[in-house]
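Colleague: Quick one: the structure is below, questions incoming.
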Amino acid sequence: MDAKPEPEANDAAHWTAIEEATELLHEERFREAVVELHGALKDDPKNPYAYYFLGIAFFEMGEIEPAKDAYAACLRLAPAHLGARVAYAHVLRMLGDVRGSIREGMAALSQAPGDPDALHAVGLAYHARGDEAAAVKYLEAFLATNPEFEVDAETRALVAALKGDKGEEAADD
């Protein structure tokens, strides 16, 4: 019989190890969360959730490069972690790796077709690349998912500006 723990038990242990850190994140105590998450990773360096939430904490503190590294570490351990893949796509775009951002966003969409967060990430990445037609396509697909008001309004404004740059042709869509 195999001595490895069952995947579900391992998953539960990974979640349990980061409970305190996620509470700190909800309270916007990001630096304290980083300390907790580093502790969880010291105890178990193969905890993908610790890396994912470490990425969130770093991102919220404006530390984009360490956030990128944390998301990448999560994906090495858990390639199917959709949230990490979408977040990774966003930070790659923010750091100027637009090609990598599109690649990661498209990987997220192949994993979860129609996922609103992945559609948004891909649309923003295409916009960053200057491919406004593709940006409009993905951002309109995102808007069709009925996102929350604030991101909906921001995205509608961006799409309107992108279509305005294209003149009459875009208005016929």
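Colleague: Taking 7 Å along the Cα-to-C-beta vector as the label spot, tell me the E150-A9 distance in nanometres, rounded to one decimal.
Modeller: 4.2 nm
Colleague: To continue, here is another question. What distance in nm lies between label points placed 7 Å from Cα along the C-beta direction at H38 and A133?
Modeller: 4.9 nm
Colleague: Gain in length, M61 to T16, computed as 0.36 nm per residue apart minus the alpha-carbon separation, to one decimal in nm? Walk me through the intermediate numbers first.
Modeller: Details: separation 45, 0.36 × 45 = 16.20 nm, distance 2.40 nm.
The span from M61 to T16 would gain 13.8 nm if fully extended.
Colleague: Excluding the sites themselves, what is the longest stretch of the chain that contains no GluC sites (Glu not before Pro) in a DSSP loop with at most 15 other C-beta atoms within 10 Å? Please list the in-between numbers first.
Modeller: Details: sites that count: E27, E28, E148.
Segment 29-147 is the longest.
Colleague: Would you kindly work out the equivalent ellipsoid of the chain from its C-alpha gyration tensor and give its semi-axes, the square roots of five times the eigenvalues, largest first in whole Å?
Modeller: Numbers: eigenvalues 240, 58, 38 Å².
Semi-axis lengths for the chain are 35, 17, 14 Å.
Colleague: Suppose a student asked you for the relative contact order of the range 1-135, using Cα pairs under 8 Å spaced at least 6 residues apart; what percent would you report? Don't skip to the answer; put the middle values down first.
Modeller: Working: 169 pairs, mean separation 18.9, N = 135.
This gives 14 percent for the range 1-135.
Colleague: Let's test the formula: R0 of 35 Å, r as the Cβ-Cβ distance of L158 and K46. What FRET efficiency results, to the nearest 0.05?
Modeller: Numbers: r = 39 Å, r/R0 = 1.11.
Taking R0 as 35 Å, the efficiency between L158 and K46 is 0.35.
Colleague: Let me ask something additional. By the gyration tensor of its Cα atoms, with a ≥ b ≥ c the square roots of the eigenvalues, what is the shape of the range 19-112: rounded for a/c under 1.5, prolate for a/b over b/c, or oblate?
Modeller: Taking the square roots of the gyration eigenvalues as a ≥ b ≥ c, the range 19-112 is prolate.
Colleague: Hey, what number do you get for the chain at 222 nm if only DSSP H runs of n ≥ 4 count, each worth -39500 (n - 2.57), divided across all residues, to the nearest 500? Display every interim value, and only then the final one.
Modeller: Numbers: 11 runs with 135 residues, N = 173.
So the calculated ellipticity at 222 nm is -24500 deg cm²/dmol.
Colleague: If the elastic network links every pair of Cα atoms under 10 Å, which of A89, A157, A21 fluctuates the most in the Gaussian network model of the chain?
Modeller: A157
Colleague: So for the pair S110, R31, with labels modelled 7 Å out along Cα→Cβ, what separation do we get in nm?
Modeller: 4.2 nm
Colleague: Hey, another quick one. Percent relative contact order of the range 66-173, based on C-alpha pairs within less than 8 angstrom and at least six residues apart?
Modeller: On the way: 118 pairs, mean separation 18.0, N = 108.
Worked out over the range 66-173, it gives 17 percent.
Colleague: Normalised by the number of residues in the range 101-140, what is the relative contact order in percent for Cα pairs under 8 Å and 6+ residues apart?
Modeller: 36 percent
Colleague: While we're looking at this one, here's another question. Could you give P(r) for the range 100-146, binned at 5 Å from zero, as whole percent values over all Cα-Cα pairs?
Modeller: Final binned percentages: 6, 30, 33, 23, 8, 0.
Every number here is computed from the coordinates shown, using simple stated rules; none is lab data. Only a predicted model underlies this, so the values are computations on that prediction, with no experimental measurement involved. Cβ coordinates were reconstructed from backbone atoms using ideal geometry, including for glycine residues, and neighbour counts include every protein chain displayed.
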